[in-house]
Amino acid sequence: MTAFKLDELQKRLIAFFKQNLDQEGLTLREIANEVGASHPQTVLNKLNQLVLKGYFVKDDRGYRLIREEVGKRNDDIIQLPIYGFAQCGNKGKEIIDEYSQEKIPVTIAFIGTSDIEDCFFVRAKGNSMEPKIQDGDLVLIRQQPSYDESDFVFVVHNQLPKLKKIIKQDNNLMLESINRFFDKVEISPYDETKVIGVVKKIIKNM
């Protein structure tokens, strides 16, 4: 496997996490001070880069070092594909599979299910679901046709993949955004609409 080239700050972050395995409670500012970073946002950006390179995983406990060298096996870690909205097509995951461009390491505990074949990430675009889902967030989807009105769903509506809520209003189904500046969109009987899956987790701004 080809090794990824690391910059000096990325190397210092790996060394810091190796020496301090329990990072719970540490702020980004505190980590920045320890590794000599100019700003907490710089640390966040570098950690997200290291997640995508396979050195770290981000789960409910925060960032965790999973390997010092890419290629070192960890049975608790799986690689899930990331798909871009513009490439999803209109036939569900069968079409999406053709366009996976990258993968992200996550723990099985983070996914919360053993059915990993039904899980994948999409990268959010736009601001219609703010503040819950923001532009650039990675959103974990579990593929399933059923959903509750409280769920965020990944739906293909007239060939456009979207993250929305689906609610019932006056006996009509509506696509609903969280951002109040976006209007509801009625799903008419003539629309092509398919629920691909339900949002299970959100990894912020990667």
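Quick look at the numbers
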| item | result |
| --- | --- |
| Residues within the range 113-131 that are within 12 Å of residue 201 (Cβ to Cβ) and either in contact with a His (Cβ under 9 Å, 6 or more places away or on another chain) or exposed (fewer than 14 other Cβ atoms within 10 Å of the Cβ) (or both), tallied | 1 |
| Pick from the range 37-83, criterion surrounded by fewer than 16 Cβ atoms within 10 Å (Cβ to Cβ) and more than 26 Å from residue 9 (Cα to Cα), ranking: modelled with the highest pLDDT | 76 |
| Condition met for residue 176 (surrounded by 13 or more Cβ atoms within 10 Å (Cβ to Cβ), more than 30 Å from residue 41 (Cβ to Cβ) and among the charged types (D, E, K, R)) | yes |
| Those residues of the range 163-173 which are among the aliphatic types (A, V, I, L, M) and loosely packed, with under 14 Cβ neighbours inside 10 Å, in sequence order | 167 |
| Subset of the range 109-136 [in a loop (DSSP other than H, G, I, E, B) and either in contact with a Pro (Cβ under 6 Å, 6 or more places away or on another chain) or hydroxyl-bearing (Ser, Thr, Tyr) (or both)] | 113, 114, 128 |
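The values are calculated or read from the model by the stated rules, or taken from the named source; none is laboratory data. What you are looking at is a predicted structure, and each value in this text was computed from that prediction instead of being measured. Cβ sites come from the backbone with ideal geometry, for glycine too, and all protein chains shown count toward neighbours.
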